[in-house]
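K.L.:
Quick one: the structure is below, questions incoming.
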Amino acid sequence: MNVALLGPPGSGKGTQAVRLSRKLGIVHISTGEFLRTAVRDQSPLGIKAEEFMKKGQLVPDDVMIGIVKERISRGDCSAGFLLDGFPRTIPQARMLDDSAAGQGPDKASERASLDLVISLELAEETCVRRLADRRTCPKDGLSFNPVTNPPAKSGKCDRCGTDLILREDDKPETVRERLKIYNEITQPLVDYYQTTHRLAHVDSSPSPDVVFKNLVELVQSEIPL
Ligand code: AMP
């Protein structure tokens, strides 16, 4: 089963993607996390991507498409994957559709078709507030929120104990740019999928546990497990 999770920054996409992929037994593919690892390693990709990410801008499509094509062609994706943060543009969505339509004899082509697209919905002012409060583990990428998802020990990552930080691109001025880009470039994908795929909307304003429960029920009703 292949699922894509859309949603504005701060909608809880990453947190829900971790839980949902585990529940469904499919691979979680977070393009943002992939890029942050590359930035931490200062690989050639990371150095290039950092320029865009720190300004809240999107990394170019050709780079992202190459990364995702390679990732979904690996063996562990044969039972399915959950895309978190991809696609974010119409060309990225077209790559998945064109591949699924068989325009290439590679593994990515066999696997690219999406069974379900889920759009997490959250009011913009709530996104801004959640991101200002969000603290992230710089080592393994887990995110926490003091109200909706607090760490067991204040300021420390639940998994590895590392000090939590405010992500560079969660600073208010960068958040505004990310939301603007989401509204202008990524939101149109919802219309794109409305006509071509099974698209479901999920309200992301309740607590993470409630949103997760709703997501599981949705997937189970849409795709019999
Ligand atoms: P995220 O963790 O999904 O919010 O992604 C963090 C940042 O990584 C974004 O603000 C972009 O700069 C970059 N990024 C992640 N996924 C993509 C994508 N599919 N296309 C372009 N840029 C991306």
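The values are calculated or read from the model by the stated rules, or taken from the named source; none is laboratory data. Everything numeric in this text was worked out from a predicted model, so none of it was measured. Ideal geometry is used to build each Cβ from the backbone, glycine not excepted, and the neighbour counts take in all protein chains shown. We work out accessible area using only protein heavy atoms, side chains counted, and drop any ligands, DNA or RNA first. Shrake-Rupley method; radii C 1.70, N 1.55, O 1.52, S 1.80 Å.
K.L.:
How many of the residues making up the range 38-55 are part of a helix (DSSP H, G or I), in contact (Cβ under 8 Å) with a residue 12 or more places away in the chain and open to solvent by 40 Å² or more (accessible area, probe 1.4 Å)?
P.N.:
Final tally of qualifying residues: 3.
K.L.:
Is there any pair linking a residue in the range 120-136 that is free of Cβ contacts under 8 Å to residues at least 40 places away in the same chain to one that is surrounded by 14 or more Cβ atoms within 10 Å (Cβ to Cβ), with Cβ under 6 Å and at least six apart or on different chains, and which?
P.N.:
Partner pairs satisfying both residue conditions: ASP133/ASN145; ARG135/PHE144; ARG135/LEU164; THR136/SER143; THR136/ARG167.
K.L.:
Moving on. So, in the range 129-159, exactly how many residues are part of a loop (DSSP other than H, G, I, E, B) and open to solvent by less than 50 Å² (accessible area, probe 1.4 Å)?
P.N.:
9
K.L.:
Also, I was wondering about something else. Within the range 56-73, work out how many residues are more than 8 Å from the ligand (Cβ to nearest atom) and in contact (Cβ under 8 Å) with a residue 24 or more places away in the chain.
P.N.:
7
K.L.:
Next up: Look through LEU96, LEU35, LEU83 and report the one residue that is under 27 Å from ASN183 (Cβ atoms), within 12 Å of the ligand (Cβ to nearest atom), in a strand (DSSP E or B) and open to solvent by less than 60 Å² (accessible area, probe 1.4 Å).
P.N.:
Of the residues listed, the single one that is under 27 Å from ASN183 (Cβ atoms), within 12 Å of the ligand (Cβ to nearest atom), in a strand (DSSP E or B) and open to solvent by less than 60 Å² (accessible area, probe 1.4 Å) is LEU83.
K.L.:
Give the number of residues within the range 1-27 that are within 12 Å of the ligand (Cβ to nearest atom) and part of a strand (DSSP E or B).
P.N.:
Summing the residues that are within 12 Å of the ligand (Cβ to nearest atom) and part of a strand (DSSP E or B) in the range 1-27 gives 3.
K.L.:
Shifting gears a bit: Among the residues of the range 56-80, what is the count of those that are farther than 26 Å from ASP170 by Cα and crowded, with 22+ Cβ neighbours inside 10 Å?
P.N.:
Counting residues in the range 56-80 that are farther than 26 Å from ASP170 by Cα and crowded, with 22+ Cβ neighbours inside 10 Å gives 1.
K.L.:
Say we look at the range 9-20 and pick out the residues that are open to solvent by 10 Å² or more (accessible area, probe 1.4 Å) and farther than 20 Å from MET53 by Cα; which of these is farthest from the chain's Cα centre (by Cα)?
P.N.:
Restricting to residues being open to solvent by 10 Å² or more (accessible area, probe 1.4 Å) and farther than 20 Å from MET53 by Cα, the top hit is ARG19.
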